[in-house]
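Since the structure comes first, as structure tokens, the remarks are kept for the end.
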């Protein structure tokens, strides 16, 4: 059942990501900075923080987590999951793993550059 929740949430999150990004582009024109994706990433990070806080208080069931966090927010922005994982590593004192996780950005950029 959780697979269905993730799939449905993913449809919502992906659609929301596209709608926000294209709306911002429509309003702001074509700025040099990817403003729409910046807005998506920051709001996604905030929302996953809210969801994580709710899960710590047992407010979200496993199915709700699958739908909201993995489905909606996962399709909305993978940045939100990246920030939550980095925070969890940091709060557990796993500083080497935090630094390794933070390398995802520059290493990912290099990987795209290598094949572009």
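Working from label points 7 Å from Cα in the Cα-to-Cβ sense, the residue 32 to residue 100 distance is 3.7 nm.
With Rh defined as the Kirkwood radius, the inverse of the mean 1/r over Cα pairs, the Rg/Rh of the chain is 1.02. Distance from the alpha carbon centroid of the stretch 1-74 to that of the stretch 77-99 works out to 18 angstrom.
Modelled this way, with points 7 Å down the Cα-to-C-beta line, the labels at residue 22 and residue 107 are 3.5 nm from one another. The sum of -39500 (n - 2.57) across all DSSP H runs of n ≥ 4, divided by the residue count of the chain, sets its helix-only mean residue ellipticity at 222 nm to -24000 deg cm²/dmol. You can think of it this way: the chain between residue 114 and residue 42 has 23.2 nm of extra reach, that is 0.36 nm per residue less the Cα-Cα gap.
With r as the distance between the Cβ atoms of residue 90 and residue 64 and R0 = 35 Å, compute the FRET efficiency 1/(1 + (r/R0)^6) and round to 0.05.
It comes to 0.85.
Computed FRET efficiency, Cβ-Cβ of residue 4 and residue 57, R0 35 Å: what is it to the nearest 0.05?
Working: r = 25 Å, r/R0 = 0.73.
Efficiency for this residue pair is about 0.85.
Over the Cα atoms of the stretch 64-116, the radius of gyration divided by the Kirkwood radius equals 1.08; this is the Rg/Rh ratio.
Since every read-out is calculated from the coordinates, none of them should be taken as a lab result. As the structure is a prediction and not an experimental result, all values here were calculated from the model. We place every Cβ from the backbone using ideal geometry, glycine too, and count neighbours over all the protein chains shown.
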